[in-house]
Structure formats: C-alpha cells, structure tokens
1. For region 123-166, what size does the Cα cloud have along each of its three principal axes, sorted from largest down, in whole Å?
2. Taking every pair of alpha-carbon atoms in region 67-223, give the share separated by more than 22 Å as a whole percent.
3. Can you tell me the dipole magnitude for region 55-182 around its Cα centre, using point charges on the Cβ only (Lys, Arg +1; Asp, Glu -1), in Debye to the nearest 20?
4. Farthest toward the dipole's positive end in region 56-112, which of Phe57, Ala98, Asn84, given Cβ charges of +1 (Lys, Arg) and -1 (Asp, Glu) about the Cα centre?
5. Label Gln110 and Glu209 with points 7 Å out from Cα along Cα→Cβ: what is the distance between them in nm?
6. To one decimal place, what Kirkwood hydrodynamic radius in Å is obtained for region 151-199 from all pairs of distinct Cα atoms?
7. When the distances between all Cα atoms of region 136-236 are binned every 10 Å from zero, what whole-number percent does each bin get?
8. List the chymotrypsin sites (Phe, Trp or Tyr not before Pro) within region 58-127 that DSSP assigns to loop and that have no more than 14 neighbouring Cβ atoms inside 10 Å.
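Each reported figure results from applying straightforward, stated rules to the coordinates on display, with no laboratory input. These figures come from a predicted structure and were not determined experimentally. Counting neighbours? That spans all protein chains shown, and the Cβs are built from the backbone with ideal geometry, glycine included.
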Amino acid sequence: MFIHEIVMRSFSLLCAAFVLTSVALSNAHAQLVVPTSEQLAAAQAQNENSTVSRDNFDEHQAALERRQVIMERDYLQQERACYNRFLVNSCLAKVRTARREQQAILRKEQLALDEAERIARAQKRKQQATEKQIQQEANAAARRNEEQGAKRRYLEKQQKYELKQMQRAASAPQRRSNAKAYADKQTAYQRKLEAARARGAQDAQRRAENVKRFHAKQRAAELHRAKVERRQKERRQKAASGASQSGSNANIISPQ
C-alpha cells in the first residue's frame, strides 16, 4: 500500500507539471509566464486522485521528452522577445528563472517516473515470482494427484487380475469337463465326416460305372443298328439283282 501511494504521488506530480506547462504554452507568444507556488499547488491538488497505469511508462517518458523540447523552443522565443522590450536584462532574468524552474520540475518528474517504473518492475518481478511459486505448487499437487491416481489404478488392476485368477482356478474342473465334451463331439463329428466322404466316394464310383455301362450299351446298340441296316441293304440289293436277272431270261425266251 505504501509503495502504491509513492507511485500515485509521483504520477500526480507529472500530471501537475504537465498542466502548468500547457498553461505556459498557451501564453508563450503574448507574455512571459512564470508558474507560482499557488499554481503548482492547485495543479497538484487537481490531479491528486488521478491514477496512471503502470503499463504507460513509455508514453509518459515520451511526453516528458516532448515537453522538454517545447520548453526549450518557448525559451528561445521568449528570449528573442525580451530583446524587443525596454528592460532587456530583467526580462531575460525572468525567462531564465522560469526555465530553471521548469527544468527542475521536469527533472523531478523524471526522477519520479524512474522511481515509479523501478517500483513497478520490482512489484512485477515479485508478482511473477509469486505466480511462479503458485504454479510450481499447483504442478506439484497435480503430480501428487496423478501419482496417487496411478497407484490407485494399479492396485485396482492387480485386484481384478487376482480375482480373475481365482475365478479361473475355481472353474478349472468345469473347463476340463467342457474341453473333454468338446473333444468327444469333435471326434464324433470327424467320424461322421469321414463316413460321409467314404459314402460319397462309393457313390461316385457307382455313378462312374453306371456311366461306363451306359456308354457301352449305347455303342452296342449303334453297332447292332448298323449291322441291321447293312443286312437290310444287302437284301434289297439281292432282291433288285434277282429281279433284273428274271427280266433278262424272259426276253431271251420270247422270240422263239
């Protein structure tokens, strides 16, 4: 809390000086402006409660540098304006005094900004260290939980394995009886299968013999039919030859 107050007061001074510089710039071409202690106090009171993000240090540093450039430019303009006045030395003294006061304000703001940035960085490092420690503790707790979970799963797996082994040992006689019944069933099936194969082979052999006999009968029938046709043809040829011979004999007897 104390560090936060320091940071806020430092940035309040920055804002107050920025207000004073803005007022001086608005009247730079009209007349010489020297900020008084009452104006500084009023500006500081006006910005007492203003808050600045710690992520904007670069922006404030750039603003300080711009104000430094503006201050030097205004100083040169005001210095040249003094030579047009009647009381040159008095004017130059006031301008230089105002410049030194503004430089002092800017240096004070720069120191406050540097201090605030240092404090913010220190707090950030502390926060990062705290977050890192919290993360490490969370990781350690997660590892412990994982180890406990792995151990619990291993014990459950071992218990299931032992229960399965006990059940297997208890059911061993039944499994042996089932195995014997299955073997007997397989043997009977194999015998039936072999018998069916033997009957199939016998049936195939009988079918082959039947086909062979059928073909033999077919050939015998064809030979018989050819033999009958040949005999019939020979008879017809003999009959035709006998008729031709009878006609010749009749022609020979007829002239007498």
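1. Ordered largest first, region 123-166 gives principal extents of 64, 6, 5 Å.
2. Of all Cα-Cα distances in region 67-223, 80 percent exceed 22 Å.
3. Details: 29 positive and 18 negative charges, 258 e Å.
That gives region 55-182 a dipole magnitude of about 1240 debye.
4. Toward the positive end, the furthest listed residue is Asn84.
5. Taking the two extended label points, one gets 13.0 nm.
6. Details: mean 1/r = 0.0723 Å⁻¹.
By the Kirkwood definition, the hydrodynamic radius is 13.8 Å.
7. Using 10 Å bins, I get a P(r) of 12, 13, 11, 11, 10, 10, 9, 7, 6, 5, 4, 2, 1 for region 136-236.
8. Listed in order of number, the matching sites are Tyr83, Phe86.
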